[in-house]
Each structure stands twice: as C-alpha cells, then as structure tokens.
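Notes for the one structure printed next.
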Amino acid sequence: MTSLPMTRQVMVVFPELMLDAAWQVMQRENVRHLPVVQAGELIGMLSDRDVLLRATQGRDELVVPKIPVGEAMTAAPIVCDAGVSLGHVVRLMTERRIDAIPIVTSSK
C-alpha cells in the first residue's frame with residue numbers, strides 16, 4: 001500500500017476569530033480548509049465555500065463579514081483515524097460530497 005503524505009503542521013483557527021481574518025489566513029497559506037479548534041479539540045471545519053457563501057462582492061474586492069468563524073464553520077466535522085484505509089476515506093468523501101476529511105489520532 002502506498003502512503004500519501006499528510007500535513008503534520010496543520011494551520012488551525014479558533015471559533016472566536018473573525019471570518020475576514022480567517023479568510024486572510026486561507027489566502028496567505030493557500031489553503032481551502034481550516035480546522036477549527038477549541039481547548040485542543042476539533043470542533044469544526046471552515047471551508048472556502050463557508051466563507052464565500054457569506055461574502056458579498058464589493059466594488060473592487062470580495063467583502064467578507066466580520067462575524068466569528070464559529071458562526072460560519074461546519075460543526076462536528078466528519079473525521080477519520082490515521083489507521084483507516086484510503087478507500088474508506090474516498091468512499092466517505094464521495095458519499096457525503098465533501099472535499100476534506102481531517103485525519104486525527106485519538107488521545108485516549
């Protein structure tokens with residue numbers, strides 16, 4: 001089985017961060033998804049789609065509202081354990097029509 005590289009230094013945001021600031025992080029880091037954590041636990045995922053659904057087109061630029069990330073994120077995201085097969089992850093993504101699944105390790 002071929003192992004795919006995973007990002008180990010993951011950029012995360014907090015639910016209190018303003019959405020416009022999170023959008024700037026996404027643009028700067030060239031990422032489409034940001035895990036949202038609180039007290040060290042994953043509580044949501046923020047996607048570019050979540051941001052764009054709330055944004056409006058200004059005269060010369062996209063205007064992202066100043067609301068907390070927690071109001072825009074997808075709460076309780078689907079996650080997979082590092083030990084699951086790639087086929088399982090692909091099936092989940094296809095069935096649920098999602099573009100990203102965080103791979104997590106249990107701290108228990």
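Under the condition of being out of contact with any helix residue (DSSP H, G or I) (no Cβ under 7 Å at 6 or more places or on another chain), β-branched (Val, Ile, Thr) and more than 13 Å from Ala76 (Cβ to Cβ), the residues counted in the stretch 38-60 number 1. From the residues in the stretch 44-85 that are polar (S, T, N, Q) and touching a Ser or Thr at 6+ places or on another chain (Cβ under 8 Å), which one is nearest to Asn30 (Cα to Cα)? Going through the qualifying residues, I end up with Ser47. Under the condition of being under 12 Å from Met45 (Cα atoms), hydrophobic (A, V, I, L, M, F, W, C) and at pLDDT 95 or above, the residues counted in the stretch 2-19 number 2.
For every residue, the table says whether it meets (1) modelled with pLDDT of 90 or more; (2) among the small types (Gly, Ala, Ser).
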| residue | (1), (2) |
| --- | --- |
| Met45 | yes, no |
| Glu61 | no, no |
| Thr74 | yes, no |
| Ala100 | no, yes |
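Residue pairs whose Cβ atoms lie under 8 Å apart, sitting 6 or more positions apart in sequence or on different chains, and linking a residue in the stretch 64-83 that is closer than 14 Å to Pro102 by Cβ to a partner that is open to solvent by less than 40 Å² (accessible area, probe 1.4 Å) and part of a loop (DSSP other than H, G, I, E, B), are Met73/Pro15; Pro77/Ile101; Pro77/Pro102; Ile78/Ile101; Val79/Ile101; Val79/Pro102; Cys80/Ile101; Cys80/Pro102.
Would you confirm, using the coordinates I've provided, whether Ser47 is over 14 Å from the mean Cα position of the chain (by Cα), within 24 Å of Val104 (Cβ to Cβ) and hydroxyl-bearing (Ser, Thr, Tyr)?
Values: over 14 Å from the mean Cα position of the chain (by Cα): no; within 24 Å of Val104 (Cβ to Cβ): yes; hydroxyl-bearing (Ser, Thr, Tyr): yes.
In short, no.
The values are calculated or read from the model by the stated rules, or taken from the named source; none is laboratory data. Computed from a prediction, not measured in an experiment: that's the story for all the values here. Don't worry about glycine lacking a Cβ; one is built from the backbone with ideal geometry, like all the others, and counts go over all protein chains shown. Only protein heavy atoms, including side chains, enter the accessible area calculation; ligands, DNA and RNA are left aside. Shrake-Rupley method; radii C 1.70, N 1.55, O 1.52, S 1.80 Å.
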